[in-house]
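S.K.: Dropping a structure here in structure tokens format, bear with me for questions.
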Amino acid sequence: MNKTPFVIPNEKARALILAKSGLAGVRQEGGASAVAPLVKKLGYVQLDSIKIVERAHHHILYSRHTGYRPRHLDRMQAKAPALFEHWTHDSSLIPMEFYPHWRHRFAAARTRRAAWHERIGDVRAIRTVRDHIEANGPSLARDFAHLGGRTGPWWGWGPAKASLEWLWRTGELAVVARDGFEKIYDLTERVIPGALLGEKPSLGDTREWALTEALDRLGAGTARMLAEFWATTSLKDSLAMASLSGAHAWIEREKKKGRLIDVVLEAAPGHRNFQGVARPSIEDEIGHLPVPTSRLRVLSPFDPVLRDRVRLERIFGFDYTIEIFVPAPKRKYGYYVFPLLEGSRLVGRIDMKADRVKDALAVKALWIEKRLALSKTRKGKLDRELHRQARLGAVRDIVFPADALKTG
């Protein structure tokens, strides 16, 4: 007879997600040396070019690391790179030791040669770009202006930029660093340690690794949650590390070996409970979770806690969409609105930006979730967090007009 699945109460399900995501318990301390372990805990940190307060990768690290400053990431990468940049579901910083598993993504990208060559136009540009980097070292797209600038669709990339991206996505080049937000490319063998280049896990090994590592970072989840952890936009994409059917098969194998058990995750009010899997130690782990800090934190729209919108709504009861691609008249909240986390609850959202001309963090609008209020205590927490955000955005003042508080 099958054992009744262990039920994870909703409060504990939220606490589990926050603990696995580095947003519970004592905040990370230390300087640049603390960044790589933090990224490894998360699995990756998504990069994004939009700088409303600060870019997403800096914001994600800052929300977990008491003393983090954007210069720490640059300093850490300059000495002996502990992270490499490539794609998960989007361009991300990934622990260097994971690099061997990306060789299958490089191989999958190479199967799209015809489409890329069409985008590049004159495919001789690929050899020109590679030869230049081999002879001259780290290079940016602007170093190839003589090959032609932006033209046509697909972000307006010219032949040089498209060639650089093709060589990077297929593993011939690696990104050394960023100048502002512009990639600096070099030959992979100059960037990635030779020992890692020599490792060649099979596709089966990589899929096993991807699902195992995903569960370690989720604590509990469905087959789809596990398969999508490292995924591109579609699990049917050849670049995806695990398919949904592969995740189901892996789960069944692991359950037969006694390495997984069924669990039920209790959903937020108004949502249905759902079944997932976890390690047999989950009951003990749930009993020893760190208590989520009661302070209030502003989360980046690209924070790992928010990426799985289905899980977010099921577990936290929080419906969130980043509206940067929504036409202005159709936006419900605003172009770039930050969720507010207090304890283990998402209690609101805020539209704000670092106005560097006025040297101020300007709050345009604040929404508190239904059935909650901006109490004196919560207002005090928010004020303290806004001062932290001002430090991140390198501005001095806070502008928070009385009419910024919205309803609905």
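The values are calculated or read from the model by the stated rules, or taken from the named source; none is laboratory data. If you're wondering where the values come from, they're calculated on a predicted model, not measured in any experiment. FYI the Cβ positions are ideal-geometry reconstructions off the backbone, even for glycines, and counts take in every protein chain you see. In case anyone asks, the SASA skips ligands and DNA or RNA and just uses the protein heavy atoms, side chains included. Shrake-Rupley method; radii C 1.70, N 1.55, O 1.52, S 1.80 Å.
S.K.: Please report, as a whole percent, how much of the solvent-accessible surface of the chain comes from carbon and sulfur atoms (probe radius 1.4 Å). If you can, show how the numbers build up before the last one.
M.R.: On the way: 10100 of 19500 Å².
That share works out to 52 percent.
S.K.: Say each of THR212 and GLU189 gets a label point 7 Å from the Cα, pointing the same way as Cα to Cβ; how far apart are those two points in nm?
M.R.: Modelled inter-label distance: 3.1 nm.
S.K.: Still on this structure, I have one more. Return the long-range amide H neighbours of ALA82 (sequence gap of 5 or more, or a different chain), with a cut-off of under 5 Å between placed amide H atoms.
M.R.: Amide H neighbours of ALA82, under 5 Å, 5+ apart: none.
S.K.: Which FRET efficiency, nearest 0.05, do LYS200 and ARG356 yield, Cβ-Cβ r, R0 51 Å? Please list the in-between numbers first.
M.R.: Values: r = 47 Å, r/R0 = 0.93.
That pair, LYS200 with ARG356, gives E of 0.60.
S.K.: Per residue, how many Å² of accessible area does the chain show with a 1.4 Å probe? Before the final figure, lay out each step's value.
M.R.: Details: 19500 Å² over 408 residues.
That works out to 48 Å² per residue.
S.K.: Does the chain come out rounded, prolate or oblate by the C-alpha gyration tensor, with a ≥ b ≥ c the root eigenvalues, rounded set by a/c under 1.5 and, if not, prolate when a/b is larger than b/c and oblate if not? All intermediate terms of the calculation are to be shown ahead of the outcome.
M.R.: Working: a/c = 1.84, a/b = 1.18, b/c = 1.55.
Since a/c reaches 1.5 but b/c is at least a/b, the shape of the chain is classed as oblate.
S.K.: Which is farthest toward the positive dipole end of the chain among ALA210, VAL123, LEU260, measuring Cα position about the Cα centre, with Cβ charges +1 (Lys, Arg) and -1 (Asp, Glu)?
M.R.: Result: LEU260, furthest along the dipole toward the positive end.
S.K.: Another one. Decide, for the stretch 177-334, between rounded, prolate and oblate: order the square roots of the alpha carbon gyration tensor eigenvalues as a ≥ b ≥ c, take rounded if a/c falls under 1.5, and otherwise choose prolate if a/b is larger than b/c, else oblate. Mind dumping the intermediate values first?
M.R.: Values: a/c = 1.70, a/b = 1.05, b/c = 1.63.
Note, shape of the stretch 177-334 comes out oblate.
S.K.: 222 nm [θ] for the chain, helices only, -39500 (n - 2.57) per DSSP H run of 4+, per residue, to 500?
M.R.: Values: 17 runs with 155 residues, N = 408.
Value at 222 nm, helices only: -11000 deg cm²/dmol.
S.K.: Quick check for you: which residues of the stretch 258-300 have the amide N under 20 Å from the point 7 Å beyond the Cα of ILE50 toward its beta carbon?
M.R.: 297-300, by backbone N distance to the label point.
S.K.: Which of ARG190, ARG55, ARG14 moves the most in a Gaussian network model of the chain with Cα springs under 10 Å?
M.R.: Result for the chain, Cα springs under 10 Å: ARG190 fluctuates most.
S.K.: Can you tell me the dipole magnitude for the chain around its Cα centre, using point charges on the Cβ only (Lys, Arg +1; Asp, Glu -1), in Debye to the nearest 20?
M.R.: On the way: 68 positive and 47 negative charges, 172 e Å.
That gives the chain a dipole magnitude of about 820 debye.
S.K.: From the phi angles alone, apply the Karplus equation (6.51, -1.76, 1.60; θ = phi - 60°) to the stretch 133-139 and give each ³J(HN,Hα) in whole Hz, x where the residue is Gly or Pro.
M.R.: Going residue by residue, I get 5, 4, 7, 10, x, x, 9 Hz, with x marking Gly and Pro.
S.K.: Let me ask you something else. Testing the spin-label approximation: label points 7 Å from Cα along Cα→Cβ at HIS387 and THR407. State their distance in nm.
M.R.: 3.2 nm
S.K.: Would you grab the residues whose amide H sits under 5 Å from the one on ALA360? Only those 5+ places off in sequence or on another chain, please, with H modelled 1.01 Å from N.
M.R.: For ALA360, the qualifying residues are ASP355, ARG396, ASP397.
S.K.: Related question: Do any of LYS20/LYS51; LYS12/LYS376; LYS332/LYS406; LYS3/LYS257; LYS332/LYS370; LYS20/LYS40 go past 21 Å between their Cα atoms, and which?
M.R.: Working: LYS20/LYS51 26 Å; LYS12/LYS376 27 Å; LYS332/LYS406 12 Å; LYS3/LYS257 15 Å; LYS332/LYS370 15 Å; LYS20/LYS40 11 Å.
From the list (LYS20/LYS51; LYS12/LYS376; LYS332/LYS406; LYS3/LYS257; LYS332/LYS370; LYS20/LYS40), the Cα-Cα distance tops 21 Å for LYS20/LYS51; LYS12/LYS376.
S.K.: Can I ask one more? Residue by residue, what Karplus-based ³J(HN,Hα) values in Hz, rounded to whole numbers, does the stretch 294-310 have, using 6.51, -1.76 and 1.60 with θ = phi - 60° and x for Gly and Pro?
M.R.: My calculation for the stretch 294-310 gives 7, 5, 9, 10, 8, 9, 5, x, 9, 4, x, 5, 9, 4, 8, 5, 5 Hz in order.
S.K.: Top to bottom by accessible area (1.4 Å), largest first, where do VAL291, VAL298, VAL123, VAL264 land? Each step should come with its number before you reach the end.
M.R.: Working: VAL291 120, VAL298 0, VAL123 65, VAL264 30 Å².
I get VAL291, VAL123, VAL264, VAL298, largest accessible area first.
S.K.: Report D for the stretch 296-408 in µm² per second (integer): Stokes-Einstein, Kirkwood Rh on Cα pairs, 25 °C, 0.890 mPa s. Don't skip to the end; give the middle numbers.
M.R.: On the way: Rh = 14.6 Å.
The estimated diffusion coefficient comes to 168 µm²/s.
S.K.: Same structure, new question: Quick one: what do you get for the stretch 1-139 if you divide its Cα Rg by 2.2 N^0.38 Å?
M.R.: Rounded to two decimals, the normalised Rg is 1.40.
S.K.: While we're here: Once you order the gyration tensor axes a ≥ b ≥ c over the Cα atoms, which shape class does the stretch 241-359 get: rounded for a/c under 1.5, otherwise prolate or oblate by comparing a/b with b/c?
M.R.: On the way: a/c = 2.54, a/b = 1.85, b/c = 1.37.
Prolate, because a/c is 1.5 or more and a/b exceeds b/c.
S.K.: Mind giving me the FRET efficiency for SER294 and THR4? R0 is 35 Å, r the Cβ-Cβ distance, nearest 0.05 is fine.
M.R.: Details: r = 34 Å, r/R0 = 0.96.
Once rounded, the FRET efficiency stands at 0.55.
S.K.: Here's something else I'd like to know. Which peptide among 243-252, 161-170, 205-214 comes first, and what is the full order, when sorted by highest mean count of other Cβ atoms within 10 Å? Numbers along the way, then the final one.
M.R.: Working: 243-252: 17.4, 161-170: 23.0, 205-214: 19.0.
Per-residue mean Cβ counts within 10 Å order the peptides as 161-170, 205-214, 243-252.
S.K.: Per-residue HN-Hα couplings for the stretch 104-112, Karplus 6.51 cos²θ - 1.76 cosθ + 1.60 at θ = phi - 60°, whole Hz, x for Gly and Pro?
M.R.: Running phi through 6.51 cos²θ - 1.76 cosθ + 1.60 with θ = phi - 60° gives 6, 5, 4, 5, 5, 5, 5, 6, 9 Hz.
S.K.: Taking every eigenvalue of the Cα gyration tensor of the stretch 243-304, multiplying by 5 and rooting it, what semi-axes result, largest first, whole Å? Please report the intermediate quantities before stating the final value.
M.R.: Details: eigenvalues 151, 58, 38 Å².
The answer is 27, 17, 14 Å, longest axis first.
S.K.: Put +1 on the Cβ of every Lys and Arg and -1 on every Asp and Glu Cβ in the chain; which of ALA249, PHE144, PHE338 then has its Cα farthest towards the positive end of the dipole?
M.R.: The listed residue farthest towards the positive side: PHE338.
S.K.: Give me the number: length gained by fully extending ARG272 to THR111, i.e. 0.36 nm times residue separation minus the C-alpha to C-alpha distance, one decimal in nm. Can you show the working numbers first?
M.R.: Working: separation 161, 0.36 × 161 = 57.96 nm, distance 4.11 nm.
Full-extension gain reported as 53.8 nm.
S.K.: So, one more: Hey, can you rank 318-328, 39-49 by average C-beta count inside 10 Å, highest first?
M.R.: Taking the mean over residues of other Cβ atoms within 10 Å, the ranking is 39-49, 318-328.
S.K.: Please work out the FRET efficiency for the pair LEU374 and ARG124, using the Cβ-Cβ distance as r and a Förster radius of 51 Å; give the result to the nearest 0.05. Working shown, then result.
M.R.: Working: r = 61 Å, r/R0 = 1.20.
The computed FRET efficiency comes out at 0.25.
S.K.: Now for a different question. ARG253 accessible area, nearest 10 Å², 1.4 Å probe?
M.R.: 110 Å²
S.K.: May I ask you to list the GluC sites (Glu not before Pro) in the stretch 46-111 that are in a DSSP loop and have at most 13 other Cβ atoms within 10 Å of their Cβ?
M.R.: Working: sites: GLU54, GLU85, GLU97; in loops: GLU54.
Passing both the DSSP loop test and the Cβ count: no residue.
S.K.: Could you work out how far apart the two model spin labels at ALA365 and ARG253 are, taking each label as a point 7 Å from the Cα in the direction of the beta carbon, and quote it in nm?
M.R.: 4.9 nm
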